[in-house]
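Chemist: Sharing a structure, written as structure tokens. Questions coming.
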Amino acid sequence: MPTQLTAADARSARLARLSGAARAIFGLALGVALPQLCAACREPVEGEGLCAACWSRLSFIAPPYCERLGIPFPFDPGPGILSMEAIADPPAYNRARAAVCFDEIARVLVHALKYGDRLDLAPMMGRWMANAGRELTREADLMVAVPLHWRRQWARRFNQSALLADVVGKASGLRVSHGALKRVKATAQQVGLGRSERAQNVQGAFRVRPDARIEVAGRRLVLVDDVLTSGATIEACTQALLRAGAASVDVLVFARVVAPARVPI
Ligand SMILES: [Zn+2]
């Protein structure tokens, strides 16, 4: 599974945080800004986030893709064609779009942002999302980020999905709602769970705050998250938003898991 966080990952995330903090302190002491390091290979990099070599290894998602799920097609089957997955197991949301496939480099970026050692990546990642989701944000009234449970947010001090939503909001001019959607159940990490276990794990985990129903009811929403894996979390959030009266829910993520050789029907 590409989403598994191994002990080695956790160790490297800790090391990266330490070295990031050390660099910041060192830079402060010298009164200079040290050059950024590439989030993936740690070579010094001009400008933002990734070096050219690592950037070229990302798989940006562009049409042709399934109109509904946003899964790229290996060839163009014509406009409006859906993937087999979208027909066999239609999601509660209308359309999903992702900036990149969740492969090796995307995974490094997501983890670097999520575990807080590279919050500086959010503007770059959010801009790519804004591009991928232009069609969705243009037609929407409001954006909502997938929330963390308050205890996890307190421990982490930020919600990576809300950071990304803020960047997309700035780039697109679409308003972001903070706090309308709440995670009311502290769920176990989805890592290592199967598809049905994931769905069960997040069942009833999300709710629209009663006083925020007026903000959501009748509105076309864009739901933002960092990664779309099995879709269980996104599905649970979408259902909570629709129950609160949302007119429609589209989904915008930074990266989505894409199995190879998807053929449209
Ligand atoms: Zn690199």
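Chemist: How much net charge surrounds A62 when only other residues with a Cβ under 13 Å from its Cβ are counted (Lys, Arg +1; Asp, Glu -1)? Intermediate results must be reported in sequence, preceding the final value.
Modeler: Values: positive: R97, R134; negative: D76, E135.
Residues close to A62 contribute a combined charge of 0.
Chemist: Cross-link partners among lysines for K170, C-alpha distance below 25 Å, same-chain residues fewer than 8 apart left out?
Modeler: K114, K182
Chemist: Now for a separate question. So what is the accessible area of the stretch 133-232 per residue, in Å², with the probe set to 1.4 Å? Mind showing how you got there, number by number?
Modeler: Details: 5170 Å² over 100 residues.
Here the residues of the stretch 133-232 average 52 Å² of exposed surface.
Chemist: Something else about it: Using the Kirkwood radius over C-alpha pairs as Rh, can you work out the diffusion coefficient of the stretch 117-237 via Stokes-Einstein at 10 °C, viscosity 1.306 mPa s, in µm² per second?
Modeler: 106
Chemist: Continuing with this model, one more query. For the stretch 122-142 and the stretch 149-183, compute the distance between their C-alpha centroids and round to whole Å.
Modeler: For the stretch 122-142 versus the stretch 149-183, the Cα centre distance is 14 Å.
Chemist: Let me ask another. As a test of the definition: which semi-axes, in Å, follow for the stretch 107-184 when you take the square root of five times each eigenvalue of its alpha carbon gyration tensor? Largest first, please.
Modeler: Details: eigenvalues 88, 57, 14 Å².
Working from the Cα gyration tensor, I get semi-axes of 21, 17, 8 Å.
Chemist: State the percentage of accessible surface on the stretch 150-209 attributable to carbon and sulfur atoms; use a 1.4 Å probe and exclude ligands, DNA and RNA.
Modeler: On the way: 1800 of 3570 Å².
In the stretch 150-209, the share of accessible area belonging to carbon and sulfur is 50 percent.
Chemist: Can you give me the Cα centroid spacing of the stretch 197-251 and the stretch 33-73 in angstrom?
Modeler: 28
The values are calculated or read from the model by the stated rules, or taken from the named source; none is laboratory data. The model shown is predicted, which means the values in this text are computed figures rather than measured ones. No Cβ is skipped: glycine too gets one built from the backbone with ideal geometry, and neighbour counts run over all protein chains shown. These area figures cover heavy atoms from the full protein model, side chains too; ligands, DNA and RNA do not enter into them. Shrake-Rupley method; radii C 1.70, N 1.55, O 1.52, S 1.80 Å.
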